[in-house]
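Colleague: Shown below is the structure under consideration.
The values are calculated or read from the model by the stated rules, or taken from the named source; none is laboratory data. Just so it is clear, the structure is predicted and the values come from calculations on it, not from any experiment. Neighbour counts run over all protein chains shown; Cβ positions are idealised from the backbone, glycine included.
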Amino acid sequence: MFRKIMVATVLAAAAMGANAEDFYLKPAPKGMEMNLPVTVQKSFPNDKARIVFSAMFEAKDLATAQSEVNKTMADAQKAVKDFSSLAQIRNGGYYTQPIYTNPKKGEAPVISGWRARQNIIVETEDVNGVASLVQVGQQAKLALENVSYSLSDEAKAAAQDQLSKDVIEALNKKAESIAVAMKVAPDALRIEKLNFNSFDAPDGAVFAARSMGVNTAFKSVETPVFEAGTSNMSMSVTAVLKTEAAE
């Protein structure tokens, strides 16, 4: 009786082993296609800064308001250009609008003055000199709207080249792992198609800065502190692979 029980147990274990073996993936047949997506993301140091300044003036008449803004901007742009030969300046908008009185009930508002405002955008690849450049603009009576950092065209192109190499390397490693799991020789996988997509994060704006120390050249405005930071970029590739007989 005991011998019969032992034999039955061995047979049951053998049957379970056979069923477990059936559960594993079978070798992929020749001609089977599969989609293999891979994404690589990296951070790259920003090498370009964008600074937005503004000047605004209010006066009883439009001509005076515009003249004051024009003079302030002319002096400020000269100061920025004299300070940095790398700074590129372009107009960010020029606006004028009437200022109305706050009328009593039943009365119509009337124009009591005018407001003029101009924005300029200063771009530079001297990211280490941004704090001093901002200080020059503020000393020239400009208001700082925001500072943002990004990658220059050259840096972005270099980053994309690096990402394309990294994503192909990651694709090869992933394809090799899948080939082993599916019992296919790695050299039996052929690439039918590759689709690339690259993405980068938007510029990060800095709206406030800590003041640290005083620049001796501009004692009335303390030097702000900014960090250029990094930009995240990613590249994705989707490969269409096809199994063939190993050579």
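Colleague: Looking only at segment 112-129, filter to residues that are among the small types (Gly, Ala, Ser) and surrounded by 15 or more Cβ atoms within 10 Å (Cβ to Cβ); which one of those is modelled with the lowest pLDDT? Walk me through how you get there before you give the answer.
Modeller: Of the residues in segment 112-129, the ones among the small types (Gly, Ala, Ser) are 112-113, 116, 129.
Retained after the next criterion (residues that are surrounded by 15 or more Cβ atoms within 10 Å (Cβ to Cβ)): 113, 116, 129.
Working: Gly113: 95, Ala116: 97, Gly129: 92.
Only one residue fits best here, namely Gly129.
Colleague: In segment 74-100, how many residues are over 14 Å from Ile121 (Cβ atoms), free of Cβ contacts under 8 Å to residues at least 40 places away in the same chain and in a strand (DSSP E or B)?
Modeller: 5
Colleague: Return yes when Ala201 is more than 25 Å from Lys48 (Cα to Cα), hydrophobic (A, V, I, L, M, F, W, C) and modelled with pLDDT under 90 and no when it is not.
Modeller: So Ala201 does not fit the description; no.
Colleague: Still on this structure, please answer the following. Would you pick out the residues in segment 53-78 that are crowded, with 18+ Cβ neighbours inside 10 Å and either of a type in the set (A, V, I, L, M, F, W, C) or in the same structural domain as Asp166 (by TED's automatic domain parsing) (or both)?
Modeller: Hits for segment 53-78 are Phe53, Ala55, Phe57, Ala65, Val69, Met73, Ala76.
Colleague: Just give me the residues in segment 101-150 being in contact with a strand residue (DSSP E or B) (Cβ under 6 Å, 6 or more places away or on another chain), assigned to a loop (DSSP other than H, G, I, E, B) and not polar (S, T, N, Q), in sequence order.
Modeller: Pro109, Glu125, Leu142
Colleague: Within segment 91-112, count every residue that is among the polar types (S, T, N, Q) and within 39 Å of the chain's Cα centre (by Cα).
Modeller: First pass over segment 91-112, keeping only residues among the polar types (S, T, N, Q): 91, 96-97, 101-102, 112.
Next, from what is left, pick out any that are within 39 Å of the chain's Cα centre (by Cα): 91, 96-97.
Here the count works out to 3.
Colleague: Report yes if Gly137 is surrounded by fewer than 12 Cβ atoms within 10 Å (Cβ to Cβ) and small (Gly, Ala, Ser), otherwise no.
Modeller: On the way: surrounded by fewer than 12 Cβ atoms within 10 Å (Cβ to Cβ): no; small (Gly, Ala, Ser): yes.
Taking the combined requirement at face value, the residue does not satisfy it.
Colleague: Considering only segment 217-232, how many residues are more than 15 Å from Val130 (Cβ to Cβ), at pLDDT 85 or above and in a loop (DSSP other than H, G, I, E, B)?
Modeller: 0
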